[in-house]
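Report on the following structure.
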């Protein structure tokens with residue numbers, strides 16, 4: 001008789017279900033936040049790379065390699081992203097994504113995350129952008 005009553009009893013079932021499912025939901029929440037942060041950072045790096053390549057083509061302020069790197073680092077800082085000067089590679093006159101005679105900017109930064117140990121997020125975020133070289137005339 002006690003066994004039957006125990007089988008029908010539902011006291012404590014809700015807390016047990018919560019204890020089993022809460023860690024899963026919390027992990028999903030942190031995963032979504034970190035994936036969103038990684039996506040936003042990569043998109044921002046792509047925007048920084050594009051505007052640096054555009055500056056190389058259209059503005060004298062990006063005439064030298066040092067000016068290009070300074071421009072990219074400052075633009076990233078405006079978005080609260082830290083980019084080391086060595087992480088920016090800007091080249092001119094090459095072929096970029098099939099476009100001949102283009103400016104190309106590549107940025108690669110480390111990405112640290114509290115859920116990095118699970119192996120689902122990249123350790124580095126990379127962005128590339130191209131802009132055609134305009135000849136004066």
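Each reported figure results from applying straightforward, stated rules to the coordinates on display, with no laboratory input. Worth saying up front: this structure is predicted, and the values here are computed from it rather than measured. Backbone-built Cβ (ideal geometry, glycine too); neighbour counts: all protein chains shown.
A compact table of results
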| read-out | value |
| --- | --- |
| With Cα atoms, 0 to 90° folded angle of helix 65-78 axis to the chain main axis | 30 degrees |
| Fluctuation leader among 118, 50, 35 - the chain, Gaussian network, Cα springs under 10 angstrom | 118 |
| GNM flexibility winner over the chain from 121, 29, 21 (Cα, springs under 10 Å) | 21 |
| For Cα Rg over 2.2 N^0.38 Å, calculated from these coordinates, the label among [x] 2.32; [y] 1.75; [z] 1.09 | [y] |
| Highest-first arrangement of 104-115, 59-70, where packing means the average Cβ count within 10 Å | 104-115, 59-70 |
| Angle in degrees between helix 13-58 and the longest Cα principal axis of the chain, rounded to the nearest 10 | 0 degrees |
| Relative contact order of the range 12-132, pairs being alpha-carbon contacts under 8 Å that are 6 or more residues apart, as % | 27 percent |
| Helical contribution to [θ] at 222 nm, DSSP H n ≥ 4, -39,500 (n - 2.57), averaged over the chain, rounded to 500 | -17000 deg cm²/dmol |
